[in-house]
Amino acid sequence: MSFTIRQGKSADFPAILALIKELALFENAPEKVTNTVAQMEEEQALFNTVVVENEQGEIIAMMLYYFTYYTWVGKSLYLDDLYVKKAYRGNEIGKKLIKKLFSIAKENNCKRVRWQVLDWNEPAIAFYKKLGATLDGEWINCDFDKQQIIGF
């Protein structure tokens, strides 16, 4: 199988958002995706994307990341989402995306790369462990949605 990995661009946002929605469906939370292509265009300075295209130019995988700062270590890279369409899994696309992520982190002198995985997503956990990731079960996410922010 032949595919191309490249930086995403705003023209890719519809396909990227479709993959985000597929991922949310897989994670049993499709109703939580409130993002839109228009919002992505408005906020594109805040994130970066990498996409994978098949021979026909269809986007079959993506990752979305951004740079952040952790007080204990400094400049870091946070991987928000990595998703490969089900039909294309098993072709080392995820591994190549992670390699690309680490290349970006090295180029930008990042001191840490971080992401999260759901505790029930055994295939992803096994994949990340195989890559050598350290999984930390200690930290708990603290989130406020838009309505909570407004009401605070």
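The values are calculated or read from the model by the stated rules, or taken from the named source; none is laboratory data. Computed from a prediction, not measured in an experiment: that's the story for all the values here. Cβ atoms come from the backbone with ideal geometry, glycine included; neighbour counts cover every protein chain shown.
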Restricting the stretch 1-47 to residues that are assigned to a helix (DSSP H, G or I) and acidic (Asp, Glu), the one nearest to the chain's Cα centre (by Cα) turns out to be 22
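Which is part of a strand (DSSP E or B) and loosely packed, with under 13 Cβ neighbours inside 10 Å, of 65, 83, 69, 78?
Numbers: 65 fails: loosely packed, with under 13 Cβ neighbours inside 10 Å; 83 fails: loosely packed, with under 13 Cβ neighbours inside 10 Å; 78 fails: loosely packed, with under 13 Cβ neighbours inside 10 Å.
So the residue among 65, 83, 69, 78 that is part of a strand (DSSP E or B) and loosely packed, with under 13 Cβ neighbours inside 10 Å is 69.
From 100, 129, 96, which residue is under 20 Å from residue 13 (Cα atoms) and in a helix (DSSP H, G or I)?
Values: 129 fails: under 20 Å from residue 13 (Cα atoms); 96 fails: under 20 Å from residue 13 (Cα atoms).
Among 100, 129, 96, only 100 is under 20 Å from residue 13 (Cα atoms) and in a helix (DSSP H, G or I).
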Checked against (1) more than 17 Å from residue 6 (Cα to Cα); (2) in contact with a Leu (Cβ under 6 Å, 6 or more places away or on another chain); (3) in a strand (DSSP E or B), residue 110 satisfies every condition except (3)
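Before we move on, is residue 57 in a loop (DSSP other than H, G, I, E, B), within 16 Å of residue 8 (Cα to Cα) and out of contact with any strand residue (DSSP E or B) (no Cβ under 8 Å at 6 or more places or on another chain)?
Values: in a loop (DSSP other than H, G, I, E, B): yes; within 16 Å of residue 8 (Cα to Cα): yes; out of contact with any strand residue (DSSP E or B) (no Cβ under 8 Å at 6 or more places or on another chain): yes.
In short, yes.
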Residue pairs qualifying under the 7 Å Cβ cut-off, at least six apart or on distinct chains, with the first in the stretch 38-50 being surrounded by 10 or more Cβ atoms within 10 Å (Cβ to Cβ) and aliphatic (A, V, I, L, M) and the second being at pLDDT 95 or above and not in a strand (DSSP E or B), are 40/13; 40/17; 50/8; 50/97; 50/100
